[in-house]
Amino acid sequence: MPYPGVPDSKTEAMERCVSSVMAKGKDKSSAIAICKTSIMGNATLALEAATEDDILKLQAELGDKVDLFAAKSDLPGNAILKFEGARLAKAEINRNRDGISTEGIKQLAETIRLMPITYEHEKQPRGVFTRGYTDEDSTECLVDGFLWAGMFPDFAEEIRNGIRKLSIDAEADLAVCGECGQVCQSAAEYCEH
């Protein structure tokens with residue numbers, strides 16, 4: 001059965017998920033919504049203009065590291081946008097074959113606060129995460145934060161429209177290949193597949 005907004009290549013996964021969620025007592029429309037979010041991710045992210053109170057609270061937390069008001073005075077209205085409840089990561093092995101455990105999700109949620117939002121490993125912050133927390137099952141890390149939309153309007157629009165997703169870099173002492181199970185302690189040891 002086709003599902004609106006879900007490509008044909010994901011229909012089989014949707015069918016399995018919907019059946020499984022319904023078997024746990026959810027009605028079909030709820031099961032479809034749960035599975036669509038799980039399989040497709042957050043297609044869009046609601047961004048709204050940060051209020052002066054929002055900015056004051058963030059400025060107090062950042063201290064002298066960044067002067068948000070100095071930056072805002074040179075920028076157009078709605079220069080700082082806030083978001084809440086964005087899914088940053090979930091306990092899984094992703095398409096890059098990187099994995100994170102439920103324990104890793106909890107650690108991420110506990111430590112993400114005030115970490116910068118960057119683009120493709122650049123050092124220049126395009127925003128900041130203000131809060132990290134887990135879902136009910138502790139399998140997803142959800143985040144709140146701000147984007148510097150006045151300075152990076154294209155980036156903010158790509159986030160808003162789901163073209164670009166929030167993501168993180170991770171450091172680890174070792175990595176395990178999701179395909180063959182080889183344990184690697186450096187990038188030089190990574191498998192070729």
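The values are calculated or read from the model by the stated rules, or taken from the named source; none is laboratory data. All values reported here derive from a predicted model rather than from experimental measurement. FYI the Cβ positions are ideal-geometry reconstructions off the backbone, even for glycines, and counts take in every protein chain you see. These area figures cover heavy atoms from the full protein model, side chains too; ligands, DNA and RNA do not enter into them. Shrake-Rupley method; radii C 1.70, N 1.55, O 1.52, S 1.80 Å.
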Item to check | Calculated FRET efficiency for the pair Leu62/Ser167, C-beta based, R₀ 25 Å, to 0.05 | outcome: 0.65
Checklist entry - Ile105 accessible area, nearest 10 Å², 1.4 Å probe? => result 0
Checklist entry - What figure in square angstrom, to the nearest 10, would you give for the accessible area of Asp53 with a 1.4 Å probe? => result 100
Next on the checklist: Run the numbers for Lys10 and Met115: contour at 0.36 nm per residue of separation, minus the present Cα-Cα distance, in nm.
Outcome noted: 34.5 nm
Item to check | Sum of side-chain charges, Phe83 neighbourhood, beta-carbon under 10 Å (Lys, Arg +1; Asp, Glu -1) | outcome: -1
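Pairs to check: Lys10/Lys123; Lys26/Lys165; Lys10/Lys165; Lys26/Lys106; Lys10/Lys106; Lys28/Lys57. Give those whose C-alpha atoms are more than 30 Å from each other in this structure.
Flagged as over cut-off: Lys10/Lys123; Lys28/Lys57.
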